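Before any comments, here is the structure.
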Amino acid sequence: MTKIDIEIHNNVIEVYNKIKDIDDSGIEIDIPEGSVLFDNTLNIKLLKRIVQRDGKSIVLTTKDEKGRLLMDIIDDNVTSENLPYIKFEPKQNIFAKFKQSH
């Protein structure tokens, strides 16, 4: 597994450009605290999808608390120990209630 470090300001495209020519099937990316990748969960999802599309596996590591939480939520619907998983089950179907009133 090849490990790479990225800078706080590297976006998804910049990270991908760093790893696309690596001839290893496994890549570990150490994401720094405060990285722009943690601005949105879609950044992490997109990065994972792009790398997997190329037939590689990816492991993301960070010391950023917000980043770990985001990655935990994205990965297999597992949540951080600090945020318990609660399955949402609606008590009533709002659309059925709306249809009844009209």
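The values are calculated or read from the model by the stated rules, or taken from the named source; none is laboratory data. The shown structure was predicted, so the numbers you read here are calculated from the model rather than taken from an experiment. Cβ sites come from the backbone with ideal geometry, for glycine too, and all protein chains shown count toward neighbours. Just so you know, the surface numbers come from the protein's heavy atoms only, side chains and all, with ligands and any DNA or RNA stripped out. Shrake-Rupley method; radii C 1.70, N 1.55, O 1.52, S 1.80 Å.
See the values below:
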| item | result |
| --- | --- |
| Residue tally, condition touching a Leu at 6+ places or on another chain (Cβ under 9 Å) and either assigned to a strand (DSSP E or B) or surrounded by 16 or more Cβ atoms within 10 Å (Cβ to Cβ) (or both), over the range 20-53 | 10 |
| Matching entry among Asn77, Asn17, Asn40 (being modelled with pLDDT of 90 or more and among the polar types (S, T, N, Q)) | Asn17 |
| Members of the range 1-11 found to be open to solvent by 50 Å² or more (accessible area, probe 1.4 Å) and within 16 Å of Ser57 (Cβ to Cβ), listed by number | Met1, Lys3 |
| Neighbours by Cβ (under 9 Å, 6+ apart or cross-chain): first from the range 1-18, over 15 Å from Val51 (Cα atoms); second among the polar types (S, T, N, Q) | Ile6/Ser35; Glu7/Ser35; Ile8/Ser35; His9/Ser35; Asn10/Ser35 |
| Where Glu14 falls short, out of the listed (1) over 14 Å from Leu69 (Cα atoms); (2) open to solvent by less than 80 Å² (accessible area, probe 1.4 Å); (3) touching a strand residue (DSSP E or B) at 6+ places or on another chain (Cβ under 8 Å) | (3) |
